[in-house]
Amino acid sequence: MSRAAQAIINLPALVHNLQQAKAAAPTSKTLAVIKANGYGHGILRVARALSHHTDSFAVASLEEAVELRDAGIQKPIVLLEGFFEAGELSVILHHGLDIVVHHRAQLEVLKQQKPADAKLNVWLKVDTGMHRLGFGPQEVKTVWNDLKANALVESITLMTHLANADDRQDSYTSTQLQRFDQCTQDLPGPRSIANSAGILGWSATHADINRPGILLYGGNPFNIGIDADVDLKPVMTLQTQLIAVHQYQKGDPIGYGGVWQCPQDMPVGVAAIGYGDGYPRHAGSGTPVLVNGKRAQLAGRVSMDMIGIDLRNTPGAQVGDPVILWGEGLPIDEIARCASTISYELMCGVTQRVKFVEKT
Ligand SMILES: *Cc1c(COP(=O)(O)O)cnc(C)c1O
């Protein structure tokens, strides 16, 4: 038998979560963010499952966009960082991809292009305070005029990105909104502001087009809590099996470094999952797992291929029994907290040797 580690991808849950985003912002269109291999879920299966439900897709690399086109995805695709060098433009035009323009260097390249048969839909990115990508508010009008005057440009969408929307108490989101409204007020065209946290937590950020990412996959976009009326379902369930069960004595150390010792005579299981599969090594003893659907706890350090599990809470557990690391019945956000990270990183980090199985 092959290794038991599996990522079960629940595609109906993905569609359900997108409907939740639409219900929260019924008048906005949707740009489904499927960068980083669909947040680790598999970009093609995610795109196919969502293609009848979203207006468009967003990715961060030209390779991913071309992969989508080659697979027959015809919806608009936005490159969130646009192009990195002039040579990519012919591919972008050929595949009918839309680009974010966030930097002077890109403007210069666009200016030097010869007119082409195909034209570009451009997303002008405004930096309203994230200080990552985009033109400052004072430059927006000139940049917009430059783009407008360019024969290659078909349309201009105005966009910005929120830095602190995950914290519903943080007034910086309102500051960013004000800056955006102010510097774009005289300019026509569609607008796009909200990520998942904006969609579910800040109705003032809803614009013509929203950009849900993490919520599609069932991750909570907020640093604490989520509204009771939002029903996100986990899309990825990471699971494996027990491959050993032992009875140890009080004081026996478990795993590398012996950082955890049995507090009493007790059963300890070993499950076939580790950091080689993308299970975070930073998850400490006490991190919850489900054994036969019941909560148990990590015991000792995460190895490359295995973890130890305190089985005191799951009597009778035996070799072959299912172990869920996150997903159905065990929110990924809880595991992320135990590993001092966020759900995004865990989802993106599941490695190639884990078998992906679709649940349709
Ligand atoms: C990744 C990304 C999103 C989606 O963010 P979530 O927090 O996952 O919803 C939206 N907009 C831009 C520009 C992004 O890079």
Based solely on C-alpha atoms, express the radius of gyration and the Dmax of segment 11-217 in angstrom. 16.5, 49
Over segment 1-103, average the accessible area per residue using a 1.4 Å probe and give it in Å², no decimals. 40
If you look for lysine pairs in segment 11-217 that are eight or more places apart or on different chains, how many of them have Cα atoms under 26 Å apart? 25
If you place +1 on the Cβ of every Lys and Arg, -1 on the Cβ of every Asp and Glu, and leave all else neutral, what size is the dipole of the chain about its Cα centre, to the nearest 20 Debye? 300
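To one decimal place, what Kirkwood hydrodynamic radius in Å is obtained for the chain from all pairs of distinct Cα atoms?
Kirkwood radius, the chain: 22.2 Å.
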Using Cα pairs closer than 8 Å and at least 6 residues apart in sequence, work out the relative contact order for the chain, in percent. 19
Heavy-atom accessible area per residue, segment 236-359, 1.4 Å probe: how many Å²? 47
Leaving ligands, DNA and RNA out of it, report the carbon-plus-sulfur percent of the accessible area of the chain at a 1.4 Å probe. 50
Label-point separation in nm, Asp55 to Lys141, each point 7 Å along Cα→Cβ: 2.7
D for segment 171-256, whole µm²/s, Stokes-Einstein with Kirkwood Rh over alpha-carbon pairs at 10 °C and 1.306 mPa s: what number? 93
Can you compute the charge dipole magnitude of segment 48-175 about its Cα centre, using +1 on each Lys and Arg Cβ and -1 on each Asp and Glu Cβ, nothing else charged? Give it in debye, rounded to the nearest 20. 380
Kirkwood-Stokes translational diffusion coefficient of segment 236-359, alpha-carbon pairs, 20 °C, 1.002 mPa s, µm²/s: 150
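The values are calculated or read from the model by the stated rules, or taken from the named source; none is laboratory data. As the structure is a computational prediction, the values presented were derived from the model and not from experiment. Note that each Cβ is placed from the backbone with ideal geometry, even for glycine, and that neighbours are counted across all protein chains shown. For accessibility, only protein heavy atoms count, side chains too; no ligands or nucleic acids. Shrake-Rupley method; radii C 1.70, N 1.55, O 1.52, S 1.80 Å.
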